[in-house]
Structures are given as C-alpha cells and as structure tokens.
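Q: Structure below; questions to follow.
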Amino acid sequence: MTQFKFQLGTKVFFGKDCMLSNKSEIIKLGKRAFIVTGKASGKKSGALNDIVEILEAAGIEYTVFDNVENNPSLENVKEGGNAAAGFKADFIIGIGGGSPLDASKAIAVLATNDIDPIKLIKLEFSNKPLPIIAIPTTAGTGSEVTAASIMTVKDLQTKMSFVHEDVFPKVAFIDAKYTQSMSYEIAVSTAVDALSHAIEGYLNKTATVMSDFYALETLRVFRNCINSLIENKLDYDARERLLYASMLAGMTIAQTGTTIAHGMGYSLTYFKGIQHGKANGLLLTEYLKYNVDVAKEKVQNVLSALNLKNIDEFGAVMGKLIQNDKEFSEDELKFYASLAIKQRSTLKNLRTVTEEDMYVILKKSLV
Ligand code: NAP
Ligand code: FE
C-alpha cells in the first residue's frame, strides 16, 4: 500500500437544525464573537438570525462585520482583522459562501497578528489565529472543512491562497436550510465548483488513495444531482445532496488542493466578473480532454462515477448548466495563461503544463 497523509481539522455537524441542537459547541469558545458575513447571505439564509438568538440567549457579546466582498481582497480582510482585534474577539463565526468563509480565516489570523495582509500568502505570521466556526450558505466551495483561504491580490491582478492547519474551522454547522435561499444561478455555479474540486483533486499529482476515495464519492453523489440542476428542480433534498457533495469535495481538496482549472478560472473572475464556480466550469471539458492522454483510466473513472459515457457527454451536461456570455480577445487569453502558469497549483496537474497549453485550453473553451 502507498504512503499517505490525511488530515481533516474540523468537527462537522451536518443536517437540519444541527446548530440549534449543538449550541454548546459555540458557547464554549468564549464570551465575545466576531461574526463575518456578506451583505445579504447572512440575513437571507436565516443563519445570522439563528446565531444571534443563540449568542443573545447565552449572554455572549457579538458584533457583525457584514462587509465581505465577493472574492475578498487583502484590503477587505485587513479591515475585518482590524475590527476583530478592536472588538477583542475570542472567536470568529463565518456565515456565507466561500467569500465570507475564506475571509473568516484571514480575519482570524489578522485579529491576532497586526501584519500587512500580503504576509498571509507567505504564511509570515506567528501568533495563533482565533478559533473559527463556519456556517456555509452556498453548496460549492467546501471552505467550511478546508484550511485554505483564497483572496484577491489586486497588485498581482489575480487570486492567491494561503493554507494553514490552524485555520481549519474548529466546528462546521452544515445545514441545507441555509442554502435554500440561493438563486438558481448561484446554486448551479457553486455546484460546478464542487464538481471541479472533486475532479481536480482526483487528477492531481498529490492525490492519495484517501483523497481519491472522497473525490469519487463526491462524483457519485453529484451524479444524482445533475438532472435536478439541469431542470431547475432544486428541492430541499437536492440542495442537501449538493451541500453534502460540496463538503466531500472540500475534504478532497483539503488533502490535494486544486489544479489548472482553478488557476485559469481566477482570471475569468478577476477580469470579467464571472462567478468562481462558473469560471472553473467553463474550462472543465477542455481540461479533461487535455489530461486524458496521461490519465486515461482516471478520466474514465471520473466519467463512470458521473454515469457519463465519454468527455463529449460530459461537455453536453456542462453546456446545459453554464454558458459563456463574455467575449475574449487573443491578447486577453495569452495574458491569462501567463498569470495562470505562475499559480503554485499548476505544478499539481497530472499532465505537465506549459503556458502555451493553458492558452490553448482557454481558447478552445472560450472563443
Ligand atoms: P460567494 O462569493 O461567497 O457568494 C456568491 C453570491 O451568493 C454573493 O452575492 C452572496 O451574497 C450570495 N449568497 C451566498 N449564500 C446565499 C444564500 N444562502 N442566499 C442568497 N444569496 C446567497 O460564492 P461562493 O462561490 O460560495 O464562494 C466563492 C469564493 O470561495 C471565491 O473567492 C473562491 O475563490 C473561494 N473558494 C474557496 C475554496 C476553499 O477551499 N477555501 C474553494 C473554492 C472556492 P453576499 O455577497 O451577501 O455574501
Ligand atoms: Fe473552487
């Protein structure tokens, strides 16, 4: 048997009302809670209301930072870190999609380390971050069970991540009642993000037997969501299955990280404002075609787990879920390839990638 490392750092509670039935997990983290969320996600999902009731009943002081941007920037998380330090928070509660959850991790570090936020990316901090509770309101990033935080770095015109085991959320409350309010568009985009995590975690140089186990199980769960997604029949059960798939995919990338679909997708988000999951999804079919030469069996396993015959059938499903409505020039795509090749995750792709390869994948996917 091969050697592997496997690490998950989060106590997971999954299912309806799991937070209300496990309030003691929150109360034991301290007397002052700093809540991190977006303008709408906390309120619309109902999670903010639930947490506020729990905190008030327990006599825990709290403040709400609801200023998290989509794809949060370094400046944005620094603002949150300063506010959390000023409030003398004992712990952080992140509520939202990947943006607020990732911001929570950065804020947890910045609350105890008064540093320039670019140092997060270089892991240049020494004090232990505050403990984090994560409550997802989208079903895609799996950030509630990962130690990764992805931020927009305006100086470099891209997104970059930091991964540190101390920012694994201590507790995740994963409850599909909080994802019901997501629009269809966000539900599809975030679902496709989970799909790309499973695939990129599986077709990954750092994949292990354990991460493969989580990746393939994600795909098998996702298979039973495809029709509901295409037909826009996202009832409670379908949304719960998607949330479960997203969690499993998060547990996969907590071991492996992502690869080039994410690395190239960042530019589509940064320059064209395309939602994160959709950005990856637009590239996934060509990404599979690119990797199949070096990973025939693994690509076939992906397709079989999804109950699809071949990559063309995969492409047809993706085409029903997401469509490109932006224009891209040759120069833009060349520039995106030049940025993506510098992403650390590029080295993890099963097939060794060149900048020219990335340009070709982008062109075939988008033009
Ligand atoms: P998001 O940026 O967190 O949210 C997208 C939109 O959906 C926002 O407008 C948000 O509102 C809204 N929304 C969220 N939940 C809602 C709900 N229940 N009801 C109504 N509206 C809701 O999207 P995301 O795709 O979940 O996260 C993307 C971010 O996660 C990216 O920055 C990406 O790089 C990162 N990511 C991280 C990991 C990881 O391992 N850490 C993995 C993949 C992606 P608000 O603006 O009010 O919040
Ligand atoms: Fe992602």
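Q: Could you check Gln7 against (1) exposed (fewer than 14 other Cβ atoms within 10 Å of the Cβ); (2) free of Cβ contacts under 8 Å to residues at least 60 places away in the same chain; (3) closer than 30 Å to Asp237 by Cα and say which number it fails?
A: Of the numbered conditions (1) exposed (fewer than 14 other Cβ atoms within 10 Å of the Cβ); (2) free of Cβ contacts under 8 Å to residues at least 60 places away in the same chain; (3) closer than 30 Å to Asp237 by Cα, the odd one out for Gln7 is (2).
Q: Report, by residue number, each residue of segment 87-103 that is open to solvent by less than 40 Å² (accessible area, probe 1.4 Å) and either away from ligand 2 (no atom under 16 Å from the Cβ) or assigned to a strand (DSSP E or B) (or both).
A: Listed by number, the residues that qualify are Phe87, Ala89, Phe91, Ile92, Ile93, Gly94, Ile95, Gly96.
Q: From the residues in segment 8-36 that are among the polar types (S, T, N, Q) and under 30 Å from Gly86 (Cβ atoms), which one is farthest from the chain's Cα centre (by Cα)?
A: Ser24
Q: Related question: Among the residues of segment 259-277, which ones are assigned to a helix (DSSP H, G or I) and surrounded by fewer than 24 Cβ atoms within 10 Å (Cβ to Cβ)?
A: Kept after step one, since they are assigned to a helix (DSSP H, G or I), are these residues of segment 259-277: 260-272, 276-277.
Thr269, Tyr270, Phe271, Lys272 - these are the residues of segment 259-277 that are assigned to a helix (DSSP H, G or I) and surrounded by fewer than 24 Cβ atoms within 10 Å (Cβ to Cβ).
Q: Further question on the same structure: Cβ-Cβ under 7 Å, sequence separation 6+ or interchain: first residue in segment 55-80 and farther than 13 Å from Arg32 by Cα, partner open to solvent by less than 20 Å² (accessible area, probe 1.4 Å) and basic (Lys, Arg). Which pairs?
A: Note: pairs meeting the criteria are Asn71/Lys159.
Q: Something else: Among the candidates Ser45, Ser24, Ser73, which residue alone is more than 30 Å from Phe213 (Cα to Cα), open to solvent by 40 Å² or more (accessible area, probe 1.4 Å) and not β-branched (Val, Ile, Thr)? First the steps, then the outcome.
A: Values: Ser45 fails: open to solvent by 40 Å² or more (accessible area, probe 1.4 Å); Ser73 fails: open to solvent by 40 Å² or more (accessible area, probe 1.4 Å).
Exactly one residue qualifies, and that residue is Ser24.
Q: Then there's this: Right, Ile115: in contact with a Phe, Trp or Tyr (Cβ under 8 Å, 6 or more places away or on another chain) and farther than 30 Å from Ala187 by Cβ or not?
A: Here the answer is yes, as Ile115 does meet what is asked.
Q: While we're looking at this one, here's another question. What number of residues within segment 195-237 are farther than 26 Å from Arg344 by Cα and either among the polar types (S, T, N, Q) or away from ligand 1 (no atom under 14 Å from the Cβ) (or both)?
A: 17
Q: May I pose another question? Would you be able to tell me the number of residues in segment 23-53 that are free of Cβ contacts under 8 Å to residues at least 40 places away in the same chain and not hydroxyl-bearing (Ser, Thr, Tyr)? If you could, list the steps in order and put the result at the bottom.
A: First, pick out the residues of segment 23-53 that are free of Cβ contacts under 8 Å to residues at least 40 places away in the same chain: 23-24, 27-28, 39-40, 43, 49-50, 52-53.
Right, trim to not hydroxyl-bearing (Ser, Thr, Tyr) and you get 23, 27-28, 39-40, 43, 49-50, 52-53.
The qualifying residues number 10.
Q: Just one of (1) surrounded by fewer than 24 Cβ atoms within 10 Å (Cβ to Cβ); (2) within 21 Å of Tyr62 (Cα to Cα); (3) within 19 Å of the chain's Cα centre (by Cα) trips up Ser161, so point out which.
A: (2)
Q: Being within 16 Å of ligand 2 (Cβ to nearest atom), open to solvent by 30 Å² or more (accessible area, probe 1.4 Å) and touching a His at 6+ places or on another chain (Cβ under 9 Å) is true for just one of Thr190, Thr141. Which residue is that?
A: Thr141
Q: If I ask for residues that are surrounded by 24 or more Cβ atoms within 10 Å (Cβ to Cβ) and more than 14 Å from the chain's Cα centre (by Cα), which ones from segment 194-210 would you list?
A: Kept after step one, since they are surrounded by 24 or more Cβ atoms within 10 Å (Cβ to Cβ), are these residues of segment 194-210: 194-204.
Residues satisfying the conditions are Tyr202, Leu203, Asn204.
Q: While we're here: On the basis of being part of a helix (DSSP H, G or I), modelled with pLDDT of 95 or more and near ligand 1 (Cβ under 10 Å from one of its atoms), does Ala84 make the cut?
A: Answer is no for this residue.
Q: Report, by residue number, each residue of segment 324-348 that is aliphatic (A, V, I, L, M) and either open to solvent by 80 Å² or more (accessible area, probe 1.4 Å) or part of a helix (DSSP H, G or I) (or both). Let's see the steps before the verdict.
A: Going residue by residue through segment 324-348, those that are aliphatic (A, V, I, L, M) are 333, 337, 339-341, 347.
Within segment 324-348, Leu333, Ala337, Leu339, Ala340, Leu347 meet the criteria.
Q: How about segment 7-59: which helices (runs of 4 or more DSSP H) wholly inside it have at least 3 residues that are out of contact with any helix residue (DSSP H, G or I) (no Cβ under 9 Å at 6 or more places or on another chain), modelled with pLDDT of 95 or more and more than 19 Å from Leu243 (Cβ to Cβ)?
A: So the answer is 47-58.
The values are calculated or read from the model by the stated rules, or taken from the named source; none is laboratory data. These numbers were taken from a predicted model, which means no experiment stands behind them. Neighbour counts run over all protein chains shown; Cβ positions are idealised from the backbone, glycine included. Side chains included, ligands, DNA and RNA excluded: accessible areas come from the protein's heavy atoms. Shrake-Rupley method; radii C 1.70, N 1.55, O 1.52, S 1.80 Å.
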